[in-house]
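Below is one structure; the comments refer to it alone.
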Amino acid sequence: MTDAVVAGGGLVGLSVAWRAARRGLSVTVVDDAPGAGASLAAAGMLAPVAEAGYREEDLLRLGLASLASWPAFAAELEAASGMPVGLRTTGTLVLGFDEDDVRELDALLRFQRELGLTAERLTPREARRREPALTPRVRGGLLVEGDHSVDGRAVHAALLAAAAAAGVQLVRERVAEVVVERDRAVGLRLTSGSVVRAGTTVLALGAHSGGLPGLPALPVRPVKGQILRLAGADGLLQGTVRALVRGRHVYLVPYGDGGVIVGATVEDRGFDARVTAGGVHDLLHDAIEVVPEVEELELAETLARWRPGTPDNAPLLGPSSLPGLVLATGHHRNGVLLTPVTAEATAELLVSGSLPEVAAPFTADRFAVGTSEGDPRCR
Ligand code: GLY
């Protein structure tokens, strides 16, 4: 019997386990391939302002709180693991390729300012002074000094080491179901048939959180994203470049020694793992429009994974309708950004029984679950 068992060893599951173990709990994580889901594809953007969405003010507040936690979280993780996590604090450029794209950026800037957020309008010349590799054809941009990035795979590797050092047990097996006894979750059954019994079960299975036997219906669906990893870009970009290219979004996120991640498609196609010719074409086409030298880089990796989407694009945190089951899932486009705040809030809930205020708007009871078709809907 362990205090907590976490289903899922991605960034969210491992960080919850690490923080809970650091606060004195015994914790087991179950995952047959830790870090092989959305964590493997994540670009690592910490960009709540650049990604601020209309009618998503609660999510923005959560994102800003997590962004503020990132420097200390990264420093503590690096100290605990002895491994770098690649936090870049160089800000984010958001570019418009043509006049229509710039008009859309101006609307985004007005919205950001209404919310009291800090972003600065740049002329094409100012944008190129910051990032000399940009095409002269870019028509304008915004600088978001406060939006950063981290190397998602490096964070995951560091979390594996830090969690182990804190005493977290990692069971490399697949979760078969949540075990429910007398209307309470009491642990996880693994596909081998063995059971990990726990005081609290934490669900952190990302896009796979919706379909586990033993669970109440959860409004989580897979949202496919294709990404590319390019190599040989040492010094090409200082920080994240996001762009609207004739109405289509693309981002370029530098990491490590000369790596650039180009992303991402957003597709409602279920668990389709195919990397498609069209997906790669569109991403490369738009990336080359914005940074022409991308044409010379090595195409090192292509990958498709699934964001855990929810009806309001915000995560599911805290207690569920099943006693003994805690949710840490549904992070959609913001898994890396929201890792520290999810870890702290969930660890606090596990230790004290109270969910911190910042996480309170994100409990699953904000959805009315169970229409006649069984479809979860926003209340
Ligand atoms: N946050 C980046 C993405 O979901 O593609």
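Quick notes on this structure:
- Where strands (runs of 3 or more DSSP E) fall wholly inside segment 126-190, the ranges with 2 or more residues that are touching a residue at least 60 places away in the same chain (Cβ under 8 Å) and surrounded by 20 or more Cβ atoms within 10 Å (Cβ to Cβ) are 140-144, 175-181, 184-190.
- Residues satisfying the stated conditions in segment 322-341, i.e. within 12 Å of the ligand (Cβ to nearest atom), in contact with a Ser or Thr (Cβ under 9 Å, 6 or more places away or on another chain) and of a type outside the set (A, V, I, L, M, F, W, C): H331, H332, N334, G335
- Residues considered: P308, P319, P254. Of these, the only one that is within 13 Å of the ligand (Cβ to nearest atom) and at pLDDT 95 or above is P308.
Okay, residues lined up against (1) closer than 21 Å to A264 by Cα; (2) touching a residue at least 60 places away in the same chain (Cβ under 8 Å); (3) within 16 Å of the ligand (Cβ to nearest atom); (4) in a helix (DSSP H, G or I):
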{"residue": "L14", "(1), (2), (3), (4)": "no, yes, no, yes"}
{"residue": "W18", "(1), (2), (3), (4)": "no, yes, no, yes"}
{"residue": "L25", "(1), (2), (3), (4)": "no, yes, no, no"}
{"residue": "D32", "(1), (2), (3), (4)": "no, yes, no, no"}
{"residue": "P48", "(1), (2), (3), (4)": "yes, yes, yes, no"}
{"residue": "Y54", "(1), (2), (3), (4)": "yes, no, no, no"}
{"residue": "L62", "(1), (2), (3), (4)": "no, yes, yes, yes"}
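- Criterion: out of contact with any strand residue (DSSP E or B) (no Cβ under 8 Å at 6 or more places or on another chain), of a type in the set (V, I, T) and open to solvent by 20 Å² or more (accessible area, probe 1.4 Å) - qualifying residue of V341, V351: V351
- Only one of the listed residues (D282, D268) is charged (D, E, K, R) and either buried (at least 16 other Cβ atoms within 10 Å of the Cβ) or more than 14 Å from the ligand (Cβ to nearest atom) (or both). That residue is D282.
- So R229, is it touching a residue at least 12 places away in the same chain (Cβ under 8 Å) and within 16 Å of the ligand (Cβ to nearest atom): yes
The values are calculated or read from the model by the stated rules, or taken from the named source; none is laboratory data. The structure displayed is predicted, hence computed values, not measured ones. All Cβ positions, glycine included, derive from the backbone under ideal geometry; neighbour counts span all protein chains shown. For the accessible areas, the whole protein counts, side chains as well, though only heavy atoms, and no ligand, DNA or RNA atoms are used. Shrake-Rupley method; radii C 1.70, N 1.55, O 1.52, S 1.80 Å.
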